[in-house]
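> This is the structure I have questions about; it appears just below.
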Amino acid sequence: MKGISAVVATILLLLITIALATTAYFYITNFLSGKTSKVVSVVADCTNGKISLIVSNVGQTDIVNTGGTGDLKILVDNKLNTTDFEENGASGDVTYTIPVRGVVALVNKNTVSSSSQYRIVVATPNPEILTVFC
């Protein structure tokens, strides 16, 4: 009878270990994919008083902006300026999609002061912070 209880205990310990390992695996994979699903890489430049941004989607899902609302927020000196940036050549259109591994060029519609420094924050769930000199 003692041999049977040791076998049952061993099986129970193995089942508990497998259950905990499975739970940990699913928790970690969901946690990591949620953190990296929308990630951007940004290059900024200022020419003739116009701030230009090259935004690359390096995450795992598309980044969509519709009329200035959506996944991408652009702040200039801590002021929300998402609607001031349009896709290069789109003439007033602030609706765009950046597919996975895609790139979009955004240009500020308004001229900014020259000889100034601007702090640019491009925010998806993971913000990218840049400084631009005009």
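> Give segment 98-122 a look and list any residue that's outside any loop (DSSP other than H, G, I, E, B) and within 13 Å of Phe85 (Cβ to Cβ), or say none. Spell out the reasoning first.
Step one: list which residues in segment 98-122 are outside any loop (DSSP other than H, G, I, E, B), which gives 98, 103-108, 117-122.
Scanning segment 98-122 gives Ile98, Val104, Ala105, Leu106, Val107, Asn108, Tyr118, Ile120, Val121, Val122.
> If I go through segment 58-71 residue by residue, how many of them are modelled with pLDDT under 80 and among the hydrophobic types (A, V, I, L, M, F, W, C)?
0
> Turning to a different aspect of this structure: Being surrounded by 12 or more Cβ atoms within 10 Å (Cβ to Cβ) and free of Cβ contacts under 8 Å to residues at least 24 places away in the same chain is the filter here, so list the residues in segment 96-132 that pass it.
Those that are surrounded by 12 or more Cβ atoms within 10 Å (Cβ to Cβ) and free of Cβ contacts under 8 Å to residues at least 24 places away in the same chain: Ser116, Pro127.
> Here is a check on your reading of the model: is Ser52 in contact with an Asp or Glu (Cβ under 9 Å, 6 or more places away or on another chain), hydroxyl-bearing (Ser, Thr, Tyr), loosely packed, with under 15 Cβ neighbours inside 10 Å and in a strand (DSSP E or B)?
Details: in contact with an Asp or Glu (Cβ under 9 Å, 6 or more places away or on another chain): yes; hydroxyl-bearing (Ser, Thr, Tyr): yes; loosely packed, with under 15 Cβ neighbours inside 10 Å: no; in a strand (DSSP E or B): yes.
So Ser52 does not fit the description; no.
The values are calculated or read from the model by the stated rules, or taken from the named source; none is laboratory data. This structure is a prediction, so every number in the text was calculated from the model and none was measured. Please note: Cβ atoms are built from the backbone with ideal geometry, for glycine as well, and neighbour counts cover all protein chains shown.
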